[in-house]
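Participant: This is the structure, below, for whatever I ask next.
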Amino acid sequence: MQLNTKTLEKLRVIINGDDTADYRSGPKLVNFFNALGFKDNYGHGFPSRWEYTDEKLRALNGKPELDKCIRNTFAVVNYIGRIDELDSLITDFNQYMAFDKWSVVRDNDTITFKKLDKVVVDSGKKNSAELKEDEFLKMTFSVNVDSLGLDSNVSEIIKLRLKEVEACIGNEASLAAILLIGSIMEGVLLGTASMYPQQFNQAPSAPKDRDTGKARKFPDWTLNNFIDVASDVGLLKHDVKKFSHVVRDFRNYIHPYAQMSSRFSPDKHTALICFQVLKAAISQIGTFQKNHQGGKLS
C-alpha cells in the first residue's frame with residue numbers, strides 16, 4: 001500500500017495521539033515501531049516525536065509492514081469501551097485514504113482494507129443535513145460571555161482575549177489568533193464542566209483513569225475530552241463539535257516542531273473559521289445555560 005504525504009501526516013497525528021487519551025511518549029513510539037521490524041533505542045539525541053514518526057512512516061510506505069502499522073494503530077482491543085471513538089477516528093482517516101483509493105474497514109474486532117476503484121470523497125458516514133464550511137461561515141452567532149455563567153474574573157479574561165483575537169486577525173497574525181481561540185475554548189469548557197461535574201464525569205466520553213477506572217480530574221482533561229463530553233451532555237451540537245475538533249487540531253501547532261513537520265501555515269481564512277467555531281460554541285453554551293438554570297439537566 002502506497003500512501004500520499006497528507007495521509008501519512010494524518011496517520012502520524014493518530015499514532016502520536018497528541019492531546020488525546022492515546023498519547024504515545026517517545027519510548028512508547030519506539031516500542032510501537034520496533035514491533036514492525038525496527039531496532040531503535042530511546043535515549044539522548046532522540047529526535048522530536050513528530051520527526052521520528054514521520055521518518056518511520058516514510059520507511060514503511062509501500063511495504064507490507066505499513067498495513068500492519070495501520071492495523072496496530074486502530075487495534076480494536078485498545079478501544080474497549082470507546083468503540084464509537086474508534087469508528088469516528090477511522091471515518092476521519094478514511095477521508096484521507098480515499099485519495100489513495102483505499103479505505104480502512106472495521107469488521108467487529110478485525111481491521112481490514114478495501115481497495116477503491118476511484119477517489120471517493122467523504123467515503124465515511126455522512127449526514128446530508130451536515131453543514132458545509134461555507135454555510136457555517138455565513139451563520140451569525142450571538143456572543144455573550146456573561147450568558148455562560150462563569151466566574152466573573154474568568155469572564156473578564158475571556159472578554160479581553162476575544163478582543164485580542166480580533167486584533168490578531170485584523171493584523172494578519174493568524175497563528176496567534178488560532179492559539180488564543182483554542183485557549184478560550186478550553187477555558188470556557190472547563191468552566192462549564194465545573195458547573196455540571198456529575199454530568200461531565202458520567203458522560204460516555206469522559207476520560208477514565210486506567211488504574212481506578214474513575215473519571216480523571218478536570219485539570220487532567222484535554223481539549224479533545226472537553227469537546228466530546230460537551231457534545232455528550234448536550235452543550236455542543238454535532239456540527240459545532242465537528243468544527244471544534246478542527247480548532248483542537250490547529251491549536252496543537254503551538255508546538256513549533258509539530259508546525260514544522262506538517263508545514264502548517266495558517267492564513268486569515270483559517271483563523272476566521274476557528275473564530276466562527278468559538279462564537280458558535282459560546283452561543284450554544286449560553287443557550288444551554290439559559291435552558292438549564294439551577295444546574296439541572298434532563
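Participant: Give all pairs with beta carbons closer than 8 Å in which a residue from region 50-65 that is assigned by the TED database to the domain that holds ILE14 and on the phi < 0 side of the Ramachandran plot meets a residue that is polar (S, T, N, Q) and assigned to a helix (DSSP H, G or I); count only pairs at least 6 apart in sequence or on separate chains.
Facilitator: TRP50/ASN16; TRP50/SER261; TRP50/SER262; GLU51/SER261; THR53/ASN16; ASP54/SER261
Participant: Sort out which residues of region 226-243 are outside any loop (DSSP other than H, G, I, E, B) and under 11 Å from ALA193 (Cα atoms), and write them in order of number.
Facilitator: Scanning region 226-243 gives PHE226, ILE227, VAL229, ALA230, VAL233.
Participant: Quick one: LEU272 ticks every box in (1) in a helix (DSSP H, G or I); (2) surrounded by fewer than 15 Cβ atoms within 10 Å (Cβ to Cβ); (3) modelled with pLDDT under 85 except a single one, so which number is it?
Facilitator: Among (1) in a helix (DSSP H, G or I); (2) surrounded by fewer than 15 Cβ atoms within 10 Å (Cβ to Cβ); (3) modelled with pLDDT under 85, LEU272 violates only (3).
Participant: Also, quick follow-up: Hey, can you tell me all the residues within region 190-209 that are touching a residue at least 60 places away in the same chain (Cβ under 8 Å) and surrounded by 17 or more Cβ atoms within 10 Å (Cβ to Cβ)?
Facilitator: THR192, TYR196, GLN199, SER205, PRO207, listed by residue number.
Participant: Please enumerate the residues belonging to region 1-58 that are among the basic types (Lys, Arg) and within 24 Å of GLU85 (Cβ to Cβ).
Facilitator: LYS6, LYS10, ARG12, ARG24, LYS28, ARG49
Participant: Being within 25 Å of the chain's Cα centre (by Cα) and within 22 Å of PHE93 (Cβ to Cβ) is the filter here; which residues of region 32-47 pass it?
Facilitator: Hits for region 32-47 are PHE32, PHE33.
Participant: A further question on this structure: Is there any pair linking a residue in region 1-21 that is free of Cβ contacts under 8 Å to residues at least 12 places away in the same chain to one that is among the charged types (D, E, K, R) and in a loop (DSSP other than H, G, I, E, B), with Cβ under 9 Å and at least six apart or on different chains, and which?
Facilitator: Short answer, once both residue conditions are applied: GLY17/ARG24.
Participant: Looking only at residues in region 47-92 that are of a type in the set (Asp, Glu) and within 16 Å of ARG12 (Cβ to Cβ), which one is surrounded by the most Cβ atoms within 10 Å (Cβ to Cβ)? Please lay out each step first, then the result.
Facilitator: Step one: filter region 47-92 for residues of a type in the set (Asp, Glu), giving 51, 54-55, 65, 67, 84-85, 87, 92.
Checking which are within 16 Å of ARG12 (Cβ to Cβ) leaves us with 51, 54-55, 65, 92.
On the way: GLU51: 14, ASP54: 20, GLU55: 13, GLU65: 17, ASP92: 15.
Filtering region 47-92 for residues that are of a type in the set (Asp, Glu) and within 16 Å of ARG12 (Cβ to Cβ), the one surrounded by the most Cβ atoms within 10 Å (Cβ to Cβ) comes out as ASP54.
The values are calculated or read from the model by the stated rules, or taken from the named source; none is laboratory data. Everything quoted here is computed from the prediction, not taken from an experiment. A quick note on method: Cβ atoms are made from the backbone with ideal geometry, for glycine too, and the neighbour counts reach across all protein chains shown.
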